[in-house]
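A short worksheet on the structure shown next.
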Amino acid sequence: MPVAPPAASTAPVSLSPSRRAWLRFKRNRLGLWSLVIFCVLVVISLAAELVSNDRPLIVRYEGQTYFPMLQTYPEKTFGGDFETPTDYLDPFIQQRLSAGSNWALYTLIPYGPTTLNYFAKEPNPSAPTRDNWMGTDDRGRDMVAQLLYGFRVSVLFGLALTFIGTVLGIITGAIQGFFGGKTDLAFQRFIEIWGSMPELYLLIIFSALFSPSISLLLILLSLFGWMGLSDYVRAEFLRNRQLDYVKAARALGVSNAQIIWRHILPNSLTPVVTFLPFRMSAAILSLTALDFLGLGVPPGTPSLGELLSQGKNNIDAWWISLSTFAVLVITLLLLTFMGDALRDALDPRKADK
Amino acid sequence: MAPSGPLLDVRDLHVHFGTKEVVSGASFTIAPGEKLALVGESGSGKTITALSLLRLAGDARVSGQALLRGRDLLALSEREMRGVRGGEIAMVFQEPMTALNPLMTIGQQIAEILQLKKGLTGAQCAQAAIELLAKTGIPEPARRANSFPHQLSGGQRQRAMIAMALASEPQLLLADEPTTALDVTLRGQILDLLSDLQRQTGMAVLLITHDLNLVRRFADRVAVMEQGVLVEQGAVAEVFGAPQHAYTRKLMQSQPQRDVTEIAPAPGTPPVLQASDLRVVYPTPLPGLRGWFKKGEFVAVQGASLALLPGRTLGVVGESGSGKSTLAQAILGLLPFGGSLQVAGQGWQAPAMRNSPANQQLRRKVQVVFQDPFSSLSPRLTVEEIVGEGMRVHEPTLSVAERRTRVEAALAEVGLAEAQFPGLLARYPHEFSGGQRQRLAIARALIVQPQLLVLDEPTSALDVTIQQQVLKLLQRLQKEKGLSYLLITHDVQVIRAMAHEVLVMKDGNVLESGPVGQVLDAPQHPYTQRLVESAGLD
């Protein structure tokens, strides 16, 4: 029985939908460059210890090689008077380390996140100088080091909060949307009750009960951060579960877990991926806000919010508020540009050109 | 050509989207009072031709000439063009639900045009709108004028659209698939209405359609379009009587052909599918406080009894909302149902939706092919994953290589091979056309070697030429494998080509059933008579 064969396809390559989305994303120059710059910044901040540290990378002292970053040496090692750990910013030690054939390789910025320079020439907070490129804060800590480590804390916190919130949001949204009916109804009412809890009061109460820490903050913010996303995932699941390919899978006898995992979930991720950068910038911003109010990370942790609060208290020290503001704006802008590009890349109405 | 010269003279019309030319050099004329049909498959550029006459084609580049009584529509200023749109040329769209404003009553929408184009006052408009609605045969036009679009039935909405188009007494009416979104029995009525109105007003009509039956019934002249090129035009009788172009001949021959085994199985053969007094209800919310504790019932199917023998096809025909798709889902064990149902001598273990071992065995025996090939394949799975799904579920012990062999065999059976599509197994559904996707859906169903295939409008979303190919494939598979089909469709022609037995459904009830010849040639029920009549079979 001859059946006319379907016309042969001309397209030689086969690209998966996610690969096509990536190609579309790459065509958006602004988004692509934002991604590149953001990644570079994150990598630099992850290696912050090698960029900004109050201990030298390598010290060659009287024929012996020392690695101060890996091991703490007492001052006596380098000809000092005490058994205390060496302060490499001490002019006396610096002079010993550069005398004769001795040498020391310092990091680009010779201050750590909490380093106080007891030998600073300027009063605190100090305006930008050759020693402190962006000045110091009101405790005498170097601003560049503060910003670098503060950026790292913000980004890591943002990533963790986004990840937890996204996973929780997908799971709850998937359960509501896939099973629908009474499950959905019960979950929706729970979300309404949960969402009406005063988040900020809870944070204040908990910060009074427990000693503040990043993990406590992460848990508290995660408890409330998943609800927005779960609504979107729920809507996608509600729409996708009644499409024909899901019915066909049911007719084949595919289990519910497999239907969710293989069929519905991959087709419901568009809002999740689109919101990722925006969720992350929201997470960074909420950490900054809490730090600004003094409800955030424990004292001594480098943080952008705390720097902003210092800037508010020291209005004359423009370098504190301006530089922190710049770091925040750049971070949020990069994330927003990436988000815009991602949204366009995943927009089903935009055809491949 | 009419002695007074053509009403509309389109010369060398080109339409580009970016670098892609969708209409290349179309030239045609419409005389005053003439009914011209523009025929072609989806994507042939017929709708965009009509839209570019009104310069509504979005960001398309349009070149050429379109002379309306000597005035070039493509050269008019935007301001003059607004006068032409809805004035000298009016348009009726395919889907009246989306073409009407949901927030305005239809009376208001018609009045708006009268106000704009004829400068009538408010009271005059309201009266004229009611008269127009009355002209289109809407019952109780005075009351209907105050209805919102969602309060009207599909046919009434299309009538309201036509009333709107006629409000400005246009010289030319562009009707873009005006009946495609409607049920079969309504199509004839709307078409008759258009004919009547055309006779009364003497306007010219450009009918855009893919349905050759409509052309035969309605048009004076026909123009055939293939991929943006007008390949043939002329009087309907001439073109259809002696088609000159190969494509026209192909379209003409695309009517479904019957090619099935007519020999009945030996008496006493156990049926593949047997149901008696099948009943499916959907819960509906009740208003008020009662709704908190009780649910209402909507009866989607009741009292359906049927039997299907091996190697035979049972056609289920009916309009949208008649319960035919619900029936299919009950048979597939995807819905709870009442009454008795046996597939291959075995019933679904309640609840039918649960994948208990007994039900899993049954799922291998009954498979499904859906209507819309675009939503029936997950866009994020490859061909191998889609077609191999059944093997993963029912023969999980198969190795990857064995599964691939089975997938390739199933694809070969539906006429898809590596030779035509390099890297076939790794491709994604979006790279295939509608007909090819439908083949993939058939392969997915065939790989578990079912005895019964439920075909839910398998060809309704396809173009006529593709439809014929898919039907041929289904006929061949039935002969080779002795498959039984439960064929659900609204298309009487498809039933005639495929089915041995027929079941006519309306509003959840089975009106009539019996052998195909008997039901279609000598319909007993008035509804069936109307259905067969409006299918336009000569």
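Every number in this text was worked out from the coordinates using simple rules, so none of it is lab data. Owing to the predicted nature of the structure, the values given are computational and were not obtained by experimental measurement. Here the Cβ is made from the backbone with ideal geometry for all residues, glycine too, and neighbour counts use every protein chain on show.
Would you order B:Ser254, B:Ser378, B:Ser320 from fewest to most other beta-carbon atoms within 10 Å of each residue's own beta-carbon? The partial results should precede the final answer.
Numbers: B:Ser254 18, B:Ser378 24, B:Ser320 13.
Ascending Cβ contact count within 10 Å gives the list B:Ser320, B:Ser254, B:Ser378.
May I ask for the distance between the Cα centers of region A:306-335 and region A:254-295, given as a whole number of Å?
Cα centroid of region A:306-335 versus Cα centroid of region A:254-295: 27 Å apart.
Calculate the FRET efficiency for B:Asn101 and B:Thr405 from the Cβ-Cβ distance with a Förster distance of 35 Å, rounded to the nearest 0.05.
Taking R0 as 35 Å, the efficiency between B:Asn101 and B:Thr405 is 0.05.
So, in nm, how far is label A:Ser255 from label B:Glu262 when the simple model puts each one 7 Å beyond its Cα toward the Cβ?
5.1 nm
Would you mind checking region A:156-181 for residues with the amide N under 16 Å from a putative spin-label position 7 Å along Cα→C-beta of A:Leu223?
Flagged as within label range: A:165.
Under the classification rounded if a/c is under 1.5, otherwise prolate if a/b is larger than b/c and oblate if not, where does region B:311-443 fall, given a ≥ b ≥ c as square roots of the Cα gyration tensor eigenvalues?
On the way: a/c = 2.28, a/b = 1.45, b/c = 1.57.
Since a/c reaches 1.5 but b/c is at least a/b, the shape of region B:311-443 is classed as oblate.
Suppose only helical runs count, i.e. DSSP H with n ≥ 4. What mean residue ellipticity at 222 nm does that imply for chain A under -39500 (n - 2.57) per run, divided by all residues and rounded to the nearest 500 deg cm²/dmol? All intermediate terms of the calculation are to be shown ahead of the outcome.
Numbers: 13 runs with 202 residues, N = 353.
Result for chain A, helices only: -19000 deg cm²/dmol.
Using the Karplus curve 6.51 cos²θ - 1.76 cosθ + 1.60 with θ = phi - 60°, work out ³J(HN,Hα) for each residue of region B:416-421 in order, rounded to whole Hz, and write x for Gly and Pro.
For region B:416-421, the Karplus-derived couplings read 10, 9, 4, 4, 7, 10 Hz, x marking Gly and Pro.
How long is region A:175-255 along each principal axis, judged by its Cα atoms, biggest number first, in Å?
56, 23, 17
Would you please classify the overall shape of region B:103-185 from the alpha carbon gyration tensor, given that a ≥ b ≥ c denote the square roots of the eigenvalues, rounded means a/c under 1.5, and beyond that prolate means a/b larger than b/c while oblate covers the rest?
Working: a/c = 2.04, a/b = 1.32, b/c = 1.55.
It is oblate, given that a/c is not under 1.5 and a/b is not larger than b/c.
Can you return the lysines within cross-link range of B:Lys324? Criterion is Cα-Cα under 29 Å, with same-chain partners fewer than 8 residues away left out.
Within the straight-line cut-off, B:Lys324 pairs with A:Lys182, A:Lys247, B:Lys294, B:Lys295, B:Lys365, B:Lys472, B:Lys479, B:Lys481, B:Lys506.
Order A:303-316, B:518-531 from most to least packed using the mean count of other Cβ atoms within 10 Å.
Working: A:303-316: 19.0, B:518-531: 16.5.
Sorting A:303-316, B:518-531 by mean packing, highest first, produces A:303-316, B:518-531.
Along its three principal axes, how long is chain B when you only count alpha carbons? Whole Å, largest extent first please.
The Cα atoms of chain B stretch 73, 62, 44 Å along the principal axes, largest first.
Sort out for me the Cα centre separation of region B:21-97 from region B:248-291, rounded to whole Å.
41 Å
On average over all directions, what projected area in square nanometres does region A:58-124 have, based on the convex hull of its Cα atoms?
Working: hull surface 20.5 nm².
Average of the hull's projected areas for region A:58-124 equals 5.1 nm².
Spelling out what I want: for every residue of region B:258-267, take phi, set θ = phi - 60°, compute 6.51 cos²θ - 1.76 cosθ + 1.60 (Karplus), and round to whole Hz; glycine and proline get x.
7, 8, 10, 5, 9, 5, 6, x, 4, x
For a footprinting-style exposure proxy, rank B:Thr179, A:Thr72 by other Cβ within 10 Å, fewest first. Let's see the in-between values first.
Details: B:Thr179 24, A:Thr72 11.
Result, fewest neighbours first: A:Thr72, B:Thr179.
As I understand it, the value is the acute angle between the Cα axis of helix A:181-195 and the longest principal axis of the Cα atoms of chain A; what does it come to in degrees, rounded to 10?
Result, in degrees: 30.
How would you rank B:431-437, A:22-28, A:118-124, B:341-347, highest first, on the average number of other Cβ atoms within 10 Å across their residues? Numbers along the way, then the final one.
Values: B:431-437: 20.3, A:22-28: 15.4, A:118-124: 12.4, B:341-347: 17.1.
The packing order, highest mean first, is B:431-437, B:341-347, A:22-28, A:118-124.
Collect residues whose amide H, placed 1.01 Å from N in the peptide plane, falls under 5 Å from the amide H of B:Val316; neighbours closer than 5 in sequence don't count.
It is B:Leu487, B:Ile488, B:Thr489, B:Leu503, by chain and number.
Tell me the label-point distance for the pair B:Glu80, B:Met353, using the 7 Å Cα-to-Cβ offset, in nm and rounded to one decimal.
Label-label distance for B:Glu80 and B:Met353, simple model: 6.2 nm.
In a Debye calculation with equal point scatterers on the alpha-carbon sites of region B:28-182 and no solvent, what is log10 I(q)/I(0) at q = 0.10, 0.11, 0.19 Å⁻¹?
Evaluating at q = 0.10, 0.11, 0.19 Å⁻¹ gives log10 I(q)/I(0) of -0.38, -0.46, -1.24.
What order do you get for B:Glu418, B:Glu226 when you list them from fewest to most C-beta neighbours inside 10 Å?
Details: B:Glu418 12, B:Glu226 19.
Lowest count first: B:Glu418, B:Glu226.
Subtracting the Cα-Cα distance from 0.36 nm times the residue separation, let me have the gained length for A:Leu322 to A:Gln188 in nm, one decimal. Before the final figure, lay out the partial values.
Values: separation 134, 0.36 × 134 = 48.24 nm, distance 4.35 nm.
Stretched out fully, the A:Leu322 to A:Gln188 stretch lengthens by 43.9 nm.
Evaluate peptide B:355-367: per residue, the Cβ atoms of other protein chains within 10 Å of its Cβ; return the mean as an integer. Don't skip to the answer; put the middle values down first.
Details: counts 6, 1, 0, 0, 1, 3, 1, 1, 5, 2, 0, 1, 3.
Average neighbour count from other chains, rounded to a whole number: 2.
Which whole-angstrom value gives the distance between the alpha carbon centres of region A:136-165 and region B:415-437?
Here the two parts' Cα centres lie 51 Å apart.
What spacing in nm lies between the two simple spin-label points modelled at B:Ser63 and B:Gln253, each 7 Å away from Cα in the Cβ direction?
3.7 nm
Placing one identical point scatterer on every Cα of region B:347-402 and ignoring solvent, what is log10 I(q)/I(0) from the Debye formula at q = 0.22, 0.26 Å⁻¹?
-1.02, -1.10
Quote the convex hull volume per residue of region B:464-533, based on C-alpha atoms, as a whole number of Å³. Present the calculation step by step, with values, prior to reporting the outcome.
Values: hull volume 6.5 nm³, N = 70.
Output value, Cα hull per residue: 93 Å³.
How long, wide and thick is region A:246-331, going by the Cα atoms along their three principal axes, in whole angstroms, largest first?
Result for region A:246-331: principal-axis Cα extents of 71, 25, 15 Å.
For peptide B:407-418, what's the mean number of Cβ atoms from other chains within 10 Å of each residue's Cβ? Before the final figure, lay out each step's value.
Values: counts 0, 0, 0, 0, 0, 0, 0, 2, 4, 2, 3, 0.
So the per-residue partner count for this stretch is 1.
Among A:36-46, A:268-278, B:394-404, A:86-96, what's the highest-first ranking by average C-beta atoms within 10 angstrom per residue? Numbers along the way, then the final one.
Details: A:36-46: 14.2, A:268-278: 19.7, B:394-404: 11.8, A:86-96: 17.3.
Taking the mean over residues of other Cβ atoms within 10 Å, the ranking is A:268-278, A:86-96, A:36-46, B:394-404.
Can you tell me which lysines have their Cα less than 19 Å from the Cα of B:Lys46? Leave out same-chain residues fewer than eight positions away.
The reachable lysines, counting only those whose Cα sits under 19 Å from B:Lys46, are B:Lys20, B:Lys35, B:Lys250.
Normalized C-alpha radius of gyration of region B:409-488, against 2.2 N^0.38 Å?
Ratio of Cα Rg to 2.2 N^0.38 Å: 1.07.
Between B:Leu13 and residues 5 or more places away or on another chain, which pairs have amide H atoms under 5 Å apart, with H built 1.01 Å from N, and which residues are they?
Amide H to amide H, under 5 Å and 5 or more residues apart or across chains, B:Leu13 pairs with B:Gly25, B:Ala26, B:Ser27, B:Gln65.
Report the convex hull volume per residue for the protein assembly as shown, counting only C-alpha atoms, in Å³.
260 Å³
Using θ = phi - 60° and the Karplus form 6.51 cos²θ - 1.76 cosθ + 1.60, what ³J(HN,Hα) does each residue of region A:249-256 get, whole Hz, x for Gly and Pro?
These are the phi-based 3J(HN,Hα) values: 5, 4, 5, 7, x, 6, 5, 4 Hz.
May I ask for log10 I(q)/I(0) of chain A at q = 0.12 Å⁻¹, from a Debye sum over the Cα atoms as equal point scatterers with solvent left out?
Rounded to two decimals, the profile gives -1.00.
Would you please state which residues of region B:447-463 a label at A:Arg20 would reach in this model, taking the label point 7 Å out along Cα→Cβ and a backbone N cut-off of under 11 Å?
From region B:447-463, the list is empty.
Sort region B:248-349 into rounded, prolate or oblate with this rule: let a ≥ b ≥ c be the square roots of the eigenvalues of the Cα gyration tensor; rounded if a/c is under 1.5, and if a/c is not under 1.5, prolate when a/b is larger than b/c, oblate otherwise.
Details: a/c = 3.89, a/b = 1.55, b/c = 2.52.
Because a/c hits 1.5 or more and a/b fails to exceed b/c, region B:248-349 counts as oblate.
Can you quote the Å³ per residue value for the convex hull of the Cα atoms in region B:130-279, rounded to an integer?
Taking the convex hull of the Cα positions in region B:130-279, it is 209 Å³ per residue.
Find the Cα radius of gyration of region B:379-443, compare it with 2.2 N^0.38 Å by division, and give the number to two decimals. Walk me through the numbers before you get to the answer.
Values: Rg = 11.1 Å, N = 65, 2.2 N^0.38 = 10.7 Å.
With N residues counted in region B:379-443, Rg over 2.2 N^0.38 Å equals 1.04.
Using 1/(1 + (r/R0)^6) with R0 = 60 angstrom and r between the beta carbons of B:Phe293 and B:Ser460, what's the FRET efficiency to the nearest 0.05?
On the way: r = 41 Å, r/R0 = 0.68.
It comes to 0.90.
Mean residue ellipticity at 222 nm from the helices of chain B, using -39,500 (n - 2.57) per DSSP H segment of n ≥ 4 over the full residue count, to the nearest 500 deg cm²/dmol?
Details: 21 runs with 201 residues, N = 538.
So the calculated ellipticity at 222 nm is -11000 deg cm²/dmol.
Across peptide B:372-378, what mean number of C-beta atoms from other chains lies inside 10 Å of a residue's C-beta?
Working: counts 3, 1, 3, 8, 6, 4, 12.
What the average comes to for B:372-378 is 5.
Between A:Val40 and A:Arg239, what FRET efficiency follows from the Cβ-Cβ distance if R0 is 56 Å, with the result rounded to 0.05?
Numbers: r = 39 Å, r/R0 = 0.69.
The calculated FRET efficiency here is 0.90.
Quick one: which residues, 5 or more positions from B:Glu226 or on another chain, have an amide H under 5 Å from its amide H? H modelled 1.01 Å from N in the peptide plane, none for Pro or chain starts.
So B:Glu226 has HN proximity to B:Val231.
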